[in-house]
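This report concerns only the one structure given below.
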Number of protein chains: 4
Amino acid sequence: MRRKVAIVGYTGYSGAELVRILQHHSQVEVVLLDHREDGGQGAALRKPKDLQHLPCDPESLRRAGVELVFLATPPAVSMELAPGMLQAGARVVDLSGAFRLGTAENYSAWYREPHTQPKLLAEAVYGLPEFCRERIPGARLVANPGCYPTAANLAIRPLLEAGVVDRAAGIVCDAKSGVSGAGRKPSLTTGFCEVTENFSAYSILKHRHVPEVLQVSSLAEREFSFTAQLLPVDRGILETIYFRTTGGAGAEDLLRIYEARYADEPFLRLYNPGRMPDLRAVARTNFCDIGATVDSSTGRAVVVSAIDNLVKGAAGQAIQNMNLMLGLAETEGLL
Amino acid sequence: MRRKVAIVGYTGYSGAELVRILQHHSQVEVVLLDHREDGGQGAALRKPKDLQHLPCDPESLRRAGVELVFLATPPAVSMELAPGMLQAGARVVDLSGAFRLGTAENYSAWYREPHTQPKLLAEAVYGLPEFCRERIPGARLVANPGCYPTAANLAIRPLLEAGVVDRAAGIVCDAKSGVSGAGRKPSLTTGFCEVTENFSAYSILKHRHVPEVLQVSSLAEREFSFTAQLLPVDRGILETIYFRTTGGAGAEDLLRIYEARYADEPFLRLYNPGRMPDLRAVARTNFCDIGATVDSSTGRAVVVSAIDNLVKGAAGQAIQNMNLMLGLAETEGLL
Amino acid sequence: MRRKVAIVGYTGYSGAELVRILQHHSQVEVVLLDHREDGGQGAALRKPKDLQHLPCDPESLRRAGVELVFLATPPAVSMELAPGMLQAGARVVDLSGAFRLGTAENYSAWYREPHTQPKLLAEAVYGLPEFCRERIPGARLVANPGCYPTAANLAIRPLLEAGVVDRAAGIVCDAKSGVSGAGRKPSLTTGFCEVTENFSAYSILKHRHVPEVLQVSSLAEREFSFTAQLLPVDRGILETIYFRTTGGAGAEDLLRIYEARYADEPFLRLYNPGRMPDLRAVARTNFCDIGATVDSSTGRAVVVSAIDNLVKGAAGQAIQNMNLMLGLAETEGLL
Amino acid sequence: MRRKVAIVGYTGYSGAELVRILQHHSQVEVVLLDHREDGGQGAALRKPKDLQHLPCDPESLRRAGVELVFLATPPAVSMELAPGMLQAGARVVDLSGAFRLGTAENYSAWYREPHTQPKLLAEAVYGLPEFCRERIPGARLVANPGCYPTAANLAIRPLLEAGVVDRAAGIVCDAKSGVSGAGRKPSLTTGFCEVTENFSAYSILKHRHVPEVLQVSSLAEREFSFTAQLLPVDRGILETIYFRTTGGAGAEDLLRIYEARYADEPFLRLYNPGRMPDLRAVARTNFCDIGATVDSSTGRAVVVSAIDNLVKGAAGQAIQNMNLMLGLAETEGLL
């Protein structure tokens, strides 16, 4: 029998992606929780697919036997909903930034609002399986990583751990994202005419995803320069990462470090020297693709890391976490 | 000395296009009327270009000596503002649909709201210079044509007048527009992620621009099928028009009819048989490009008409009307 | 044990789509036939996925036990390769136009080259399962339908059979396609800078897909006006179809005709009145989505039909045909 | 009387942009030199605009009284054509990379082909007016700068001259360009389906535009990391530039340095702190827009520089050089 999982925020881009991926998952059944509806135009299709809808309250979850809830909601909504769902016995994968940072102080410094659930924050497990896999199966509340930090940490942390990065010279992460990363709420900046044939930077050095990279890769703020930029594409993140290698490490050395670290990882793919990932290679997949180039005479290195912001950067990684939490095969529904 | 003209709605796409084109106009000076501002983020540029701003009221217009006002506003706002401006002695070119239709009844049938200025409606001159040029110079109030009807009427009316269209079989106008035609107000349907890699039909057979075609080309509703569709492009309208020719007229015959009718028109361009206009050819120009193909054995004809919806379909044509109203060269600023 | 199927032309867009879809098919194993390679840059990934490659000759097919070959090649190549593959005992699904038309004369009239395999042409079965399902399981050679005719015939034929279309007034099919329909071979007209922010018509009234519609829907050329147009999107076809209804048939009547005809079809989806399909709804699916609007006072009707040109318009339908030919579930790998 | 200037390569994107801009120039008349034609489909328009065509040889130039020739051709063609044109008495603005670098050795190291005109290379003047204005009026041969180096040098050199950049820590220039930068020749990598919804890096650390930045801004290769990347847009370059400031310089300090250096420059625009240029702001203009952000506690700085690659990055700057060479107002035709 399929196990029941529920989605809050199923009309947003991440929520809709959860629905899309889970319909090919062999072990779970999806329930939609009607918390904030998007107007309810009525069905376009004459025979719309039947997915169960429930009111978004603890009692309904309990009665329906929902084991796990995905919160594809803004941080404030996640902080409001999570406690009740946990009390109703459901486990929670939160896709917002509400439970990702180590302390309430850090949260309020970057998100510019107080954290209303500091106890849950202390309990939450950061859901980047490649680095936190052992704690995820037992977690009640998993904080699904941000899209930018997922691509950044997977590229940076193995090299820092291997000691081949000149930290003093600093790391530059020039990040570009598709527009779906900004969510589905209408706004002038995400309107078609503003985005098409355009490209722009925002939140320079101050993006709220920065502290997730500092935290996971153990970097100081002065060691890490990050710029977020809006690409005229629907989905995908590509980060171009610059640093200097130590000890004369070349591209092959970097790739061997990744290979060793990620030997058993199902969702990491490495590129041969001279080749680099692009967005199409990862679109609609849960892969993180990584390539590296080094100018060996000077040690200048460039690493490119690419993911689909809605899959490995949101819904796909959330399902990867769900699989781990429910004791299912980690790749189920994702390959 | 330059003559003063003012713009209401200069932050919208049509209004901004008026500003863009008029800055290359040698005879007029632009004043911006602050009616509805878009938040006022403050200037991005350290030395922003100096354009005079005025409050949007009749007294300010009078004192500043504004001769003509462009209303790049929704119909309801145009109906509200036009009377005061005319009383202040300014002439008006209205880019909305408020004053285009012949009667208040027709307006309320298609726009689903009452017309609050029926007297002005009776006075207004329809500003399609190719067919109404003689009445424009003397007009106080010009109703600038809709974007879709401009492309449609310029393609259809000469052929109807020449009697080469089988009216009984009907005319199909399959119209495609860039997203700027929907205006700058944020909405889900014009969000980048909804539009990119997509294409969709809307207002099928019921678009409020239909009566302008019926009126200008003297067609009955049953003779004219019109579908509006949203292209994933910023600007441009292309209409593919289907009908049957009478009397064995072929492509060359249609082109000769256009050539005769438009011999002295500066903004009409015709294509050789076998070639057809596309959006790039008219982008950022005030041209309407027309091509024709006929299968002579059956009389099935296809005419393609293309304009830039923000130029010949809005701001450019409004300036063409302004030139006529102010006694300037009709093409000034537009070639 | 998985059954072996092979692909010629796997580097083209349709061929690559066959590979993409078949990797989720539970019953077959894919072999790639190296007929025309695209330069062979070497693998980008350090651990590229292992797919078996074979030379493209009958003997290799026989030895490998290939049961069925997909030809994702131009018509001339398909005519050259098909005979040898059939003699090697493989069955063939040809995605080109080589074997779709009833006679060699019709082929040479529309494709402007002689047909070199008239006997195979006579034997070939047209692979539109919704209308030719019974003949497909026994076929040695299936001609996979063109992308445009698939969307057109699925929308038009049920209405013609039901007698609700005024044939004398004619049917207009205004078709728009994504650029992948033009194939992967570099050309100026499919270059990014030529296509982005553009829209253009081509092959007006003369597209080589027209005779497939005439043949399948039993229309005379004079009854059917067809224009192909290039959308600035990667994939998808949307056709806006205009005609007049007979006997006062309204939108609900048309939808009921479709519902009756397609009651058991897994890949047809119908839209409620007032709603219409768009490209996103069918992207990367094997669905054909259909909606209808009728102005009941005049009988003017508009039907919109949408497919993904690379799936239901090419690779997906080819796999649907393969499933039927191999006695597998028709939807396997496609839902 | 208008002075005659000629264009070789008028069918390419830069050449066509020269034609487009020069038709609004009040002082020159354009002649097209037919060197390599693009197939010659015949005119689409029934009344094509009359531009004089001439064979591309010295004698024709002399007879027609052409004063100046734009070479919008690949480097090898420019090296082949320039000598004859100079001998015919015409001055030359070359838009290729043929004459930009200081020595033939440097040229062959980065372009991987020998330089066949070293004497002309020695004579050529680098045409970046903001830094080389005094030598341009007297030059016979001007090497029009590359698109990437134009945006980079205008942003970097004033700061280096002012001594506020920590050279030891290095400068990172993450550059993104529209597809027109790759030219109009069909290729797989610039095909619509490969570019749309994609983003990719190329020529990492090895782009042939790098030495122009090193040369103009006096940087050593190890001080400058440059990555070129392909945006899914037609035109525009945006460069995100990272470095560390010295002496505690903040954003306002950087902006004041730019303001002082560019006080009299007509084509440089600066952004207020907190605002950054984007592609739309510079599209179809000859402006270079610059903004700056600094985290003052750590000295990490980000500068964004944006141009239109076909205007300030090619045709516009070439016309700016022409204006200087012919003694015309530098901004003629460009504002």
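Values as computed for the structure displayed
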| quantity | calculated |
| --- | --- |
| Pairs with Cβ under 6 Å, 6+ apart, first in the stretch D:84-109 and under 23 Å from D:Ala182 (Cβ atoms), second of a type in the set (Asp, Glu) and buried (at least 17 other Cβ atoms within 10 Å of the Cβ) | D:Arg100/D:Glu212 |
| Selection within the stretch A:110-120 - over 17 Å from A:His209 (Cβ atoms) and in contact (Cβ under 8 Å) with a residue 24 or more places away in the chain | A:Thr116, A:Gln117, A:Leu120 |
| Count of residues meeting criterion [among the hydrophobic types (A, V, I, L, M, F, W, C) and in contact with a Phe, Trp or Tyr (Cβ under 9 Å, 6 or more places away or on another chain)] in the stretch B:256-273 | 3 |
| Among the residues listed as C:Arg280, C:Arg300, C:Arg284, the single one being basic (Lys, Arg), at pLDDT 95 or above, more than 23 Å from C:Gly236 (Cβ to Cβ) and in contact with an Asp or Glu (Cβ under 9 Å, 6 or more places away or on another chain) | C:Arg300 |
| Sole residue being over 30 Å from C:Glu265 (Cβ atoms) and touching an Asp or Glu at 6+ places or on another chain (Cβ under 8 Å), chosen from A:Arg63, A:Arg91 | A:Arg91 |
| The stretch A:283-299: number of residues that are out of contact with any Phe, Trp or Tyr (no Cβ under 7 Å at 6 or more places or on another chain) and either in contact (Cβ under 8 Å) with a residue 12 or more places away in the chain or hydroxyl-bearing (Ser, Thr, Tyr) (or both) | 10 |
| Test: C:Gly97 is among the small types (Gly, Ala, Ser) and over 27 Å from C:Asp308 (Cβ atoms) | no |
| Of all residues making up the stretch C:209-229, the number that are under 17 Å from the mean Cα position of the chain (by Cα), over 17 Å from C:Leu159 (Cα atoms) and either open to solvent by 10 Å² or more (accessible area, probe 1.4 Å) or of a type in the set (Lys, Arg) (or both) | 1 |
| Pairs with Cβ under 6 Å, 6+ apart, first in the stretch B:225-237 and facing chain C (nearest Cβ under 7 Å), second outside any strand (DSSP E or B) and among the aromatic types (Phe, Trp, Tyr) | B:Leu231/C:Phe199 |
| Filter result (open to solvent by less than 30 Å² (accessible area, probe 1.4 Å) and without any contact (Cβ under 8 Å) to a residue 60 or more places away in the chain) within the stretch D:306-332 | D:Asn323 |
| Condition check for A:Leu95: modelled with pLDDT of 95 or more and open to solvent by less than 20 Å² (accessible area, probe 1.4 Å) | no |
| Positions within the stretch B:138-184 being of a type in the set (Gly, Ala, Ser), away from chain C (no Cβ under 14 Å), touching a Ser or Thr at 6+ places or on another chain (Cβ under 8 Å) and open to solvent by less than 20 Å² (accessible area, probe 1.4 Å), in sequence order | B:Ala152 |
| Filtered residues of the stretch A:1-15 (kept if part of a loop (DSSP other than H, G, I, E, B) and out of contact with any strand residue (DSSP E or B) (no Cβ under 6 Å at 6 or more places or on another chain)) | A:Met1, A:Gly9, A:Thr11, A:Gly12 |
| Subset of the stretch C:65-92 (residues that are closer than 23 Å to C:Glu113 by Cα and not aliphatic (A, V, I, L, M)) | C:Phe70, C:Thr73, C:Pro74, C:Pro75, C:Ser78, C:Glu80, C:Pro83, C:Gly84 |
| Within the stretch C:191-208, tally of residues that are under 24 Å from the mean Cα position of the chain (by Cα) and in contact (Cβ under 8 Å) with a residue 12 or more places away in the chain | 10 |
| Counted residues, the stretch C:283-305 - those being more than 8 Å from every other protein chain (Cβ to nearest Cβ), more than 16 Å from the chain's Cα centre (by Cα) and open to solvent by 30 Å² or more (accessible area, probe 1.4 Å) | 1 |
| Residue ranges of helices (runs of 4 or more DSSP H) in the stretch D:16-124 with at least 3 members aliphatic (A, V, I, L, M) | D:75-87, D:118-123 |
| Residues satisfying the stated conditions in the stretch B:185-203, i.e. more than 7 Å from every other protein chain (Cβ to nearest Cβ) and open to solvent by 50 Å² or more (accessible area, probe 1.4 Å) | B:Lys185, B:Thr189, B:Tyr202, B:Ser203 |
| Conditions (1) at the interface with chain C (Cβ under 10 Å from one of its Cβ atoms); (2) open to solvent by 50 Å² or more (accessible area, probe 1.4 Å); (3) modelled with pLDDT of 95 or more: number failed by B:Lys206 | (3) |
| Selection from the stretch C:238-282 of residues that are within 9 Å of chain B (Cβ to nearest Cβ), open to solvent by 40 Å² or more (accessible area, probe 1.4 Å) and in contact (Cβ under 8 Å) with a residue 60 or more places away in the chain | C:Arg244 |
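The values are calculated or read from the model by the stated rules, or taken from the named source; none is laboratory data. Please read these numbers as outputs of a predicted model, since none were measured by experiment. With ideal geometry, Cβ positions are generated from the backbone for all residues, glycine too; neighbour counts draw on all protein chains shown. With ligands, DNA and RNA removed, areas are computed over all heavy atoms of the protein, side chains included. Shrake-Rupley method; radii C 1.70, N 1.55, O 1.52, S 1.80 Å.
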